[in-house]
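**Student:** My questions all concern the structure below.
Any read-out appearing in this document is the output of simple, stated calculations on the displayed coordinates, not a laboratory observation. Note that the coordinates shown come from a computational prediction; the quantities given were computed from them, not determined experimentally. When we count neighbours, we look across all protein chains shown, and the Cβ atoms used for this are built from the backbone with ideal geometry, even at glycine.
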Amino acid sequence: MISQSVIDKLKEIVGPDNILTEQEDMLTYSYDAAVLDPRMPGAAVMPGNTDEIGGIVSVCHENRIPITVRGAGTNLSGGTIPEGHGIVMLTGRLNKIIEINEADMYAVVQPGVVTADLAAAVEAKGLFYPPDPGSQAVSTIGGNVAENAGGLRGLKYGVTKDYVMGMRFFDARGNYVKTGSRTVKCATGYNITGLMVGSEGTLGVLDEITLKLIPAPQARQSMVAVYDTIEQASETVAAIIAARIVPATLEILDNFTIRAVEDFSKAGLPVDAAALLLIEVDGHPAVVEEEGQKVEALCKKMGAAGINVAQTDAERDKIWAARRSALSALAKLKPTLVLEDATVPRSKIPDMVKALQDIAEKYKIDIGTFGHAGDGNLHPTILTDKRDKAEFHRVELAIEEIFDKALGFGGTLSGEHGTGIAKAPFLEKEAGFSSILFSRQLRAALDPDNILNPGKITGVSADGK
Ligand SMILES: Cc1cc2nc3c(=O)[nH]c(=O)nc-3n(C[C@H](O)[C@H](O)[C@H](O)COP(=O)(O)OP(=O)(O)OC[C@H]3O[C@@H](n4cnc5c(N)ncnc54)[C@H](O)[C@@H]3O)c2cc1C
């Protein structure tokens, strides 16, 4: 419970219309896109500017109240599931693009700016902000930075960390910290910016964020390669990378996902195909033409039964809208969807695809596989019903085996969805105990009262559980 005097202080800071305490409102902020048990916060507070963020952090620091910042709540690792006696800080009012600097190619934004809104605003100026998580229509830049979000263009353009030049944030004691710069290079002090990216709200509350922009590609070509076996598709991915071609996007969809997406989006996908590769090359028109031809030839050589090249922008948009609908399409099929994120070195994609098939068979569960194959980042998506205890137990065993396989192939537990609560218990398997200890010591030094998003990443909650 949060005391009435604290609620009154928070009300004074944000105004009475920007704080919620009713139980039915708390329900909304008790869960996110991860399949985890919900936890109701004590209050939800909506700051509208820097001073208000700082004021809230100071009140929470003085009263040892946990803070969980929430952007759109689309994270898939439980990063916004709050502590029962804590507050949720909503960033929806912090949605201003403060500056788009065309000369120096950067943007300064508040954390609640929606990713797609920023992408559209910079595109209107002939610039490009590449990180494009599938959730970009609703996800926020603050959430993207705190999760180090990836997206469909990770292969060529990298992920969020590659675009964060600097930021301002409040630490656990309410100090306003500036890190990074608006210059292309910055070598002063520790790389605090790097530390904050992917920190999932455990090291500070992000305020202004400075992002690198690049010139927009002059040309793009998208295509869909159709395969009779998923092995041929996954071997094509490895072959494209081995041929030193770096498409902007290289996505795979298995038959299970193709059928779900087609049913959902009516995009004209071939439902009998065992797998599809959705590929986009971009850059200078001459390079696009050359790389497009090379990719087409490689797909054919590796056994593609057909290749459809988008002829118009509308056809291109249709391909990517279909891909972006994959998760929603699969989510319609069963009550519970567990989206995994294990990532392997790209050459191991064929092995990982085979391992996923074996795991689905072994545990008698439905796994739809799609994802950023070019990054080695598959999203095996398990469809189940959490109320069926026996099946859900098999799902949990399957998830552990997916993690073990990915680590065995030299991979990682999460390519882009973060650790949160969901992967905290498994982190030691990947990073080792010293890494966990180092992280806990860092956190204890910066946040001795453990008020910043307790329980995430390092697995120690405010309750010490
Ligand atoms: C349909 C769908 C598709 C997706 N596709 C992708 C994808 O392609 N790639 C990918 O990487 N992810 C993807 N995701 C996961 C998710 O969208 C990303 O993790 C995204 O970055 C979360 O943004 P958000 O605004 O929803 O953040 P939230 O879920 O609200 O928060 C995420 C984390 O950031 C912290 N946080 C948020 N704002 C701040 C702040 N101002 N200061 C400090 N901490 C903060 C939160 O406390 C939490 O730990 C997808 C999710 C869905 C549902």
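**Student:** Exactly which trypsin sites (Lys or Arg not before Pro) in segment 158-243 are in a DSSP loop and have at most 10 other Cβ atoms within 10 Å?
**Tutor:** 185
**Student:** Quick one: dipole size for the chain, taken about the Cα centre, charges +1 on Lys/Arg Cβ and -1 on Asp/Glu Cβ, in debye to the nearest 20. If you can, show how the numbers build up before the last one.
**Tutor:** On the way: 46 positive and 61 negative charges, 113 e Å.
For this selection, approximately 540 debye.
**Student:** May I pose another question? Could you go through segment 249-264 in sequence order and give the Karplus-derived ³J(HN,Hα) for each residue, using 6.51 cos²θ - 1.76 cosθ + 1.60 with θ = phi - 60°, rounded to whole Hz, and x for Gly and Pro?
**Tutor:** Values, residue by residue: 9, 8, 10, 10, 10, 7, 4, 4, 6, 4, 5, 5, 5, 5, 4, 7 Hz.
**Student:** Tell me the net charge near residue 334. Cut-off is 13 Å between Cβ atoms, residue 334 excluded, with +1 for each Lys or Arg and -1 for each Asp or Glu.
**Tutor:** Working: positive: 332, 386, 387; negative: 366, 385, 388, 391.
Result for the local shell: -1.
**Student:** Something else now. Within the set of other residues whose C-beta is less than 9 Å from the C-beta of residue 371, count the net charge using Lys and Arg as +1 and Asp and Glu as -1. Walk me through the numbers before you get to the answer.
**Tutor:** Working: positive: none; negative: 251, 341, 375.
Summing Lys/Arg as +1 and Asp/Glu as -1 gives -3.
**Student:** Now for a different question. Taking the Cα atoms only, what angle lies between the long axis of helix 285-301 and the longest principal axis of the chain, rounded to 10 degrees?
**Tutor:** 60 degrees
**Student:** Where a Cα-Cα gap under 14 Å defines reach, which aspartates and glutamates qualify for residue 266, not counting those fewer than 8 residues away within the same chain?
**Tutor:** The reachable aspartates and glutamates, counting only those whose Cα sits under 14 Å from residue 266, are 315, 317.
**Student:** Once Lys and Arg get +1 and Asp and Glu get -1 on their Cβ, which of 452, 360, 407 lies farthest toward the positive end of the dipole of segment 352-465?
**Tutor:** So the residue we want is 452.
**Student:** Let me see the pair-distance distribution of segment 72-168: every alpha carbon pair, 5 Å bin width, integer percents in order.
**Tutor:** All Cα pairs considered, the percentages come to 2, 13, 24, 26, 19, 9, 5, 2, 1, 0.
**Student:** How tilted is helix 349-363 with respect to the longest principal axis of the chain? Cα atoms for both, answer in degrees (0 to 90, nearest 10).
**Tutor:** 80 degrees
**Student:** Also: With point charges of +1 on the Cβ of Lys and Arg and -1 on the Cβ of Asp and Glu, referenced to the Cα centre of the chain, which listed residue (379, 421, 241) lies farthest in the positive direction of the dipole?
**Tutor:** Positive-end residue among those listed: 241.
**Student:** Further question on the same structure: Take the alpha carbon atoms of segment 274-308, find their center, do the same for segment 352-406, and report the distance between the two centers in whole angstrom.
**Tutor:** 29 Å
**Student:** Treating cross-link reach as a plain straight distance, find the lysines whose alpha-carbon is under 18 Å from the alpha-carbon of residue 125, omitting any fewer than eight places away in the same chain.
**Tutor:** Hits, sequence-local ones excluded: 96, 212.
**Student:** Could you state the orientation-averaged shadow area of the convex hull built on the Cα atoms of the chain, in nm² to one decimal?
**Tutor:** On the way: hull surface 86.7 nm².
Average of the hull's projected areas for the chain equals 21.7 nm².
**Student:** If you don't mind, there's one more thing I want to ask. Need one word for segment 7-116: rounded, prolate or oblate. Basis is the Cα gyration tensor (sqrt eigenvalues a ≥ b ≥ c); a/c below 1.5 gives rounded, then a/b vs b/c decides. Could the numbers behind the result be given before it?
**Tutor:** Details: a/c = 2.26, a/b = 1.35, b/c = 1.68.
Oblate, because a/c is 1.5 or more while a/b does not exceed b/c.
**Student:** May I ask which of 300/348; 354/429; 364/405 have a Cα-Cα span longer than 24 Å here? List each step's numbers first, then the result.
**Tutor:** Numbers: 300/348 21 Å; 354/429 22 Å; 364/405 18 Å.
Correct reply: none exceed it.
**Student:** Here's a follow-up. Find the all-direction average of the projected area of the Cα convex hull for segment 398-443, expressing the result in square nanometres with one decimal place. Can you show the working numbers first?
**Tutor:** On the way: hull surface 13.8 nm².
In nm², the orientation-averaged hull projection of segment 398-443 is 3.4.
**Student:** Rounded, prolate or oblate: which one fits segment 135-224, using the alpha carbon gyration tensor with axes a ≥ b ≥ c (rounded when a/c is under 1.5, else prolate when a/b beats b/c, else oblate)? It would help to have the intermediate numbers written out before the result.
**Tutor:** Values: a/c = 2.67, a/b = 1.69, b/c = 1.58.
Since a/c reaches 1.5 and a/b is larger than b/c, the shape of segment 135-224 is classed as prolate.
**Student:** Could I ask something else about it? Out of residues 5 or more away from residue 273 or on other chains, whose amide H comes under 5 Å of its own, with H placed 1.01 Å from N in the peptide plane?
**Tutor:** Amide H neighbours of residue 273: none.
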